[in-house]
Amino acid sequence: MSRKKNKLIVYPSCKICFKNYDQTSIKPSSLVPCCHSFCSICIESLSEKNCPTCRTQIVTHNINWELMSMLPEDADDCYETTHIDFVIEAKNVISNEADMLREQIDQILHISMKTNLERLGLCRDNLNRETKELMNKITFIQNTNLNQIDCMRNAFDERIKSVVDQEQNALALIKSNTNDLAEMRLNAKILKQCVLSIKKIK
């Protein structure tokens, strides 16, 4: 009587040909020095002597006895998985891992976006504050310069007024001196005529 196949046991399989390892023809071998395992047939058929997983140069390969010890001696105790079964299982695993990775990426993006928005808001506040301070400084400098210009303009106007007043005073003095000179000339002329008249009388 055959044993009841009441559970599914998935053999370890080669990651190149996807065939299940066994203890006869498809034996698992470990690469030296990276220790990745593939079947001996696939290792012998590699065109490049580099590990397909990590690309480390292959020095040699040895039977993976630890993995061999995990393989059952009687294959009737379990179902062998086919290549299609392996692909479906791998697809499900990859899909689940992709969903988890997508969730992690969404969380990271959410946190990163929140952090960036906070930093952007802080930068905007700092920029607004610095802009306000700069505008206040510019306004202060403009007002100070305008006050200085007004003071200089007032001083210049006063100086011009003083010069104009001095010029007018000088013109008035010249005019007064001219009048005095004319009067003196007239008096001298009259005095000269008097002198001539006195001489004639003598």
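When residues in segment 18-65 are screened for being in a loop (DSSP other than H, G, I, E, B), among the polar types (S, T, N, Q) and touching a residue at least 40 places away in the same chain (Cβ under 8 Å), 1 of them pass. Apart from one condition, Ile105 fits all of (1) surrounded by 10 or more Cβ atoms within 10 Å (Cβ to Cβ); (2) at pLDDT below 75; the exception is (2). Against the list (1) at pLDDT 80 or above; (2) more than 23 Å from Thr24 (Cβ to Cβ), the condition Ile63 fails is (2).
The values are calculated or read from the model by the stated rules, or taken from the named source; none is laboratory data. The structure displayed is predicted, hence computed values, not measured ones. Virtual Cβ from ideal backbone geometry, glycine too; neighbours counted across all protein chains shown.
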